[in-house]
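Worksheet: one structure, shown below.
Where a number appears in this text, it was derived from the coordinates with a stated rule and is not lab data. All figures in this text were calculated on a predicted structure; none of them were measured in a lab. Don't worry about glycine lacking a Cβ; one is built from the backbone with ideal geometry, like all the others, and counts go over all protein chains shown.
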Amino acid sequence: MREFVDDYVRDRIGGLPYESAYKVCEQITALGKALADAKIKIKVPGVDLLEIKAGEYDLQRFIYHFFMKCYWNEELNQNDNVVINYDWYHPQLCSRHTLEEVRAWFDKLGLKITQECVDFYGITVRGKRSIE
């Protein structure tokens with residue numbers, strides 16, 4: 001589901017000039033802010049098909065993690081929040097990969113993996129070249 005919304009928004013704004021795409025992202029940011037400002041916690045059952053783990057979630061983070069990226073962080077200013085949403089949705093050269101694919105890239109380049117993290121935000125892998 002999440003990929004569907006991400007792809008839908010990306011397809012709709014990808015060809016727009018910066019100013020127009022930014023305006024769309026302002027609206028997406030306003031949605032994220034409204035959800036965060038509601039300060040609602042929800043308790044949900046697990047839904048395996050949607051990869052939702054049972055638990056309690058802040059409403060904004062629940063929507064953000066499982067349905068659509070509508071970023072909001074009250075510690076950042078309005079423009080910074082909008083730019084984060086813009087950065088998520090506007091690039092047309094984007095792709096999705098598995099941890100196994102990323103590990104294979106490191107292996108192919110002879111890099112030793114020093115850190116791996118797979119979470120709601122994606123895959124982060126760090127490595128270094130062995131010095132011999």
Item to check | chymotrypsin sites (Phe, Trp or Tyr not before Pro), loop per DSSP, at most 13 other Cβ atoms within 10 Å - longest free stretch of the chain | outcome: 1-119
Checklist entry - Using the count of nearby Cβ atoms within 10 Å as a rough guide to exposure, how do L109, L35, L59 rank from fewest to most? => result L109, L59, L35
Checklist entry - Sorting I13, I131, I123 on the 10 Å Cβ count, fewest up front, what's the list? => result I131, I123, I13
Checklist outcome for this item: Under a Gaussian network model of the chain whose springs join Cα atoms within less than 10 Å, the largest fluctuation of T114, T29, T98 belongs to T114
Item to check | Pairwise label distance in nanometres, T98 with E26, each label 7 Å out on the Cα-Cβ vector | outcome: 4.3
Checklist entry - For the chain, what does -39500 (n - 2.57) per DSSP helix run (n ≥ 4), summed and divided by total residues, give at 222 nm, in deg cm²/dmol to the nearest 500? => result -14500 deg cm²/dmol
Item to check | Relative contact order of the chain, defined on C-alpha pairs under 8 angstrom at six or more residues apart (%) | outcome: 23
Checklist entry - Which whole-angstrom value gives the distance between the alpha carbon centres of segment 65-86 and segment 1-50? => result 9
Item to check | Where trypsin sites (Lys or Arg not before Pro) fall in DSSP loop in segment 41-112, at most 15 other Cβ within 10 Å | outcome: K53, R96
Checklist entry - Within the chain, which DSSP H helices have Cα atoms that stretch 24 Å or more along the helix axis and a mean Kyte-Doolittle hydropathy of at least -0.5? => result 18-37
Checklist entry - In square nanometres, what is one fourth of the surface area of the convex hull spanned by the alpha carbons of the chain? => result 10.2
Next on the checklist: If I build a Gaussian network model for the chain, linking alpha-carbon pairs within less than 10 angstrom, which residue out of I28, I52, I113 has the largest mean-square fluctuation?
Outcome noted: I113
Item to check | Residues H97, H90, sorted so that the one with the fewest Cβ neighbours within 10 Å comes first | outcome: H97, H90
